[in-house]
Amino acid sequence: MAPPRSFLWSRRVFLTILTGFVLVPVYVMVSSSLKPLADVSGQFRWLPSGLTIRPYIDIWSTVPLARYFVNSLIVAGAATVCSVVIAVFAAYAVSRYEFRGKRVFTVTVLSTQMFPGILFLLPLFLLYVNIGNATGVALFGSRGGLILTYLTFSLPFSIWMLIGYFDSVPRDLDEAALVDGCGPLGALLRIVVPAAVPGIVAVAVYAFMTAWGEVLFASVMTNDTTRTLAVGLQGYSTLNDVYWNQIMAASLVVSVPVVAGFLLLQRYLVTGLTAGAVK
């Protein structure tokens with residue numbers, strides 16, 4: 001039975017409004033990034049009087065955007081790799097083996113997601129400073145310290161989601177690999193990991209996006225040398241002026257890696273999130 005015409009028209013109107021709600025801010029960013037500063041500083045005009053690519057050239061010299069870009073790539077990439085590797089081994093152990101405290105471990109891992117990140121800011125700050133004073137290992141103001149910080153947020157959720165995904169992989173595959181001469185590690189790397197690629201990709205995308213766009217901890221745990229993109233964009237606002245066109249241009253450039261990665265991996269991401277969230 002076909003749906004009534006009123007439902008079809010209501011759906012079209014709702015989807016049109018939703019599309020406009022999403023595309024209008026994107027249009028404002030793109031159009032503002034192609035305007036001279038004088039046009040952006042005044043009253044906003046939907047149709048620009050002139051277009052220029054100068055803001056996309058000036059963003060690299062107004063602030064050291066290239067250095068911030070490298071810092072973000074290193075921090076986000078390292079946090080993603082560490083999170084995926086640790087989560088794979090931890091989730092496999094919880095999914096395939098019985099041990100004392102297993103339920104407590106899984107509940108504890110999941111319960112960490114209930115607390116807002118700002119609660120960990122001061123304890124981590126004091127911890128890094130004290131470790132640096134006692135051992136000489138500079139965690140505060142370094143990329144390594146920021147990577148460890150992001151692991152505290154991405155790792156619990158990554159482990160929990162991969163546990164659900166590994167549970168959906170038949171254990172008969174593990175047993176067949178063991179019969180063929182593989183050890184537990186070989187069964188994990190040769191059988192389970194290839195079968196769980198969508199879940200692992202979903203975890204990797206989540207960990208990368210968490211580290212790429214984080215502002216609070218990056219603004220406290222970094223200095224001028226290790227500053228990331230999310231914090232470095234503040235440099236386009238000075239005491240004398242705000243370079244709105246360059247802010248919009250830099251924001252679009254910063255979004256390119258995340259958007260490109262999402263478009264390339266979206267089919268794995270949807271499958272991984274669905275299988276990892278439903279048991």
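Among the residues of the stretch 194-213, the one identified as part of a loop (DSSP other than H, G, I, E, B) and open to solvent by less than 30 Å² (accessible area, probe 1.4 Å) is Ala196.
Against the criterion of being in contact with a Leu (Cβ under 9 Å, 6 or more places away or on another chain) and among the polar types (S, T, N, Q), Thr52 qualifies. For beta carbons closer than 9 Å, sequence separation of 6+ or different chains, a first residue in the stretch 138-149 that is at positive phi and a second that is of a type outside the set (Ser, Thr, Tyr) and open to solvent by 30 Å² or more (accessible area, probe 1.4 Å), the qualifying pairs are Gly141/Asn223.
For every residue, the table says whether it meets (1) open to solvent by 80 Å² or more (accessible area, probe 1.4 Å); (2) more than 21 Å from Asn240 (Cα to Cα); (3) among the basic types (Lys, Arg); (4) modelled with pLDDT under 85.
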{"site": "Met1", "(1), (2), (3), (4)": "yes, yes, no, yes"}
{"site": "Gln43", "(1), (2), (3), (4)": "yes, no, no, yes"}
{"site": "Thr52", "(1), (2), (3), (4)": "no, yes, no, no"}
{"site": "Ile59", "(1), (2), (3), (4)": "no, no, no, no"}
{"site": "Arg67", "(1), (2), (3), (4)": "yes, yes, yes, no"}
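Here's a check for you: in the stretch 215-231, which residue that is within 16 Å of Phe153 (Cα to Cα) and touching a Ser or Thr at 6+ places or on another chain (Cβ under 8 Å) is surrounded by the most Cβ atoms within 10 Å (Cβ to Cβ)? This residue is Met221. Quick check: is even one residue across the stretch 109-122 free of Cβ contacts under 8 Å to residues at least 60 places away in the same chain and over 20 Å from Ala207 (Cβ atoms)? The answer is yes, given that some residue of the stretch 109-122 is free of Cβ contacts under 8 Å to residues at least 60 places away in the same chain and over 20 Å from Ala207 (Cβ atoms).
The values are calculated or read from the model by the stated rules, or taken from the named source; none is laboratory data. As the structure is a computational prediction, the values presented were derived from the model and not from experiment. Counting neighbours? That spans all protein chains shown, and the Cβs are built from the backbone with ideal geometry, glycine included. The protein model used for the area step is the full one, side chains on, heavy atoms only, and it has no ligands, DNA or RNA in it. Shrake-Rupley method; radii C 1.70, N 1.55, O 1.52, S 1.80 Å.
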